Amino acid sequence: MEITARQKEILYQIVEEYAETASPVGSVTMAKLFGVSPATIRAEMAKLESLGLIAQPHTSAGRVPTDAGYRFYVNGLERGDEMSREPEFENKTYERGAHAIEVRVSSQSQADVAIRRAVDSLVELTGNLGLATIGGQLYLSGISQLFTQPEFLDTRKVRAVAKLLDNLEPWLRETAPGEPLNIFIGQENPIGKNSEVSLIISKFRSPFSDSSYIGVLGPTRQNYSKVMSLVRYTGNMLEEIL
């Protein structure tokens, strides 16, 4: 995919701005950030739209990322691309979150309770629904918190999420995603493809299984850098202490 450095940075900014505000991002906002004219930004947005990385909701003049745009952004995170957020701010946020999870979990000797506490911590830190496999069961926490997100005012999306959750545990058991960190964005989800959610899960070894999973389910609109880092850390920590 041919994309210039400036177009990539504009895409990253749109992803991050939309994650914060839940409102489509306009050319005037981007023009102020980049110190160029709105017309220049509109031309760059048109290119990103032609590549399928952003879209224009019919009720707004702004743009939002598509599933492909989020995937491009997440792949950049995994490559270690320099994103537009302030690295020091991101690091401090991550460190505080990681410390909070460790304090809550490390003192617990019972494996099932430790995993539940880790899930509950991820819910509090990310605002997403948290989940983990404990033996042959799927533990969920934060369902009501997930559905307070503006995306789920649409009851069709709520039903799609419910379908995904109903089928998630058997899918994890049968498919057993093999990467330490697995990210399924929007249409990439094996179930509930139209729910507009991202599933971010970490595989770890536990007393229950060599393929235990912990992670979060949230709207595609979220802070991927923070959430991916915390889920990866939590999986690694549980594997070490259990």
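Read-outs: derived from the displayed coordinates by stated rules, not from any lab. A quick note: this is a predicted structure, and the numbers were derived from the prediction, not measured. Counting neighbours? That spans all protein chains shown, and the Cβs are built from the backbone with ideal geometry, glycine included.
First select every other residue whose beta carbon is under 15 angstrom from the beta carbon of S144; then total the charges, Lys and Arg +1, Asp and Glu -1.
Details: positive: none; negative: D120, E124, E151.
My count for the surroundings of S144 gives -3.
Name the shape class, rounded, prolate or oblate, that the alpha-carbon gyration tensor gives for region 1-50, where a ≥ b ≥ c are the square roots of its eigenvalues, rounded holds for a/c under 1.5, and otherwise prolate holds if a/b is larger than b/c and oblate otherwise.
Working: a/c = 1.68, a/b = 1.20, b/c = 1.40.
The shape class here is oblate.
Compute the angle between helix 224-241 and the longest alpha-carbon principal axis of the chain, please, reported from 0 to 90 degrees and rounded to the nearest 10.
20
Out of the GluC sites (Glu not before Pro) in region 1-67, which ones are loop residues according to DSSP with at most 13 other C-beta atoms within 10 Å? Kindly include the intermediate steps, with their values, before the conclusion.
Working: sites: E2, E9, E16, E17, E20, E44, E49; in loops: E2.
Passing sites in region 1-67 are E2.
Among H99, H58, rank each residue by its count of other Cβ atoms within 10 Å, from fewest to most, as a rough exposure measure. List each step's numbers first, then the result.
On the way: H99 10, H58 5.
Ordered by Cβ neighbours within 10 Å, fewest first: H58, H99.
What ranking do S37, S27 get, fewest neighbouring Cβ atoms within 10 angstrom at the top?
On the way: S37 12, S27 21.
Listing S37, S27 from fewest to most nearby Cβ atoms yields S37, S27.
Most exposed first by the Cβ proxy, i.e. fewest other Cβ within 10 Å, how do K32, K8 rank? Walk me through the intermediate numbers first.
On the way: K32 11, K8 17.
Ordered by Cβ neighbours within 10 Å, fewest first: K32, K8.
For the chain, what relative contact order do you get, as a whole percent, if you take Cα pairs closer than 8 Å and at least 6 residues apart?
On the way: 354 pairs, mean separation 43.3, N = 242.
Relative contact order comes out at 18 percent.
Under the rule a/c < 1.5 gives rounded, and otherwise a/b versus b/c splits prolate from oblate, where does region 87-241 land using the Cα gyration tensor? It would help to have the intermediate numbers written out before the result.
Working: a/c = 1.71, a/b = 1.22, b/c = 1.40.
Note, shape of region 87-241 comes out oblate.
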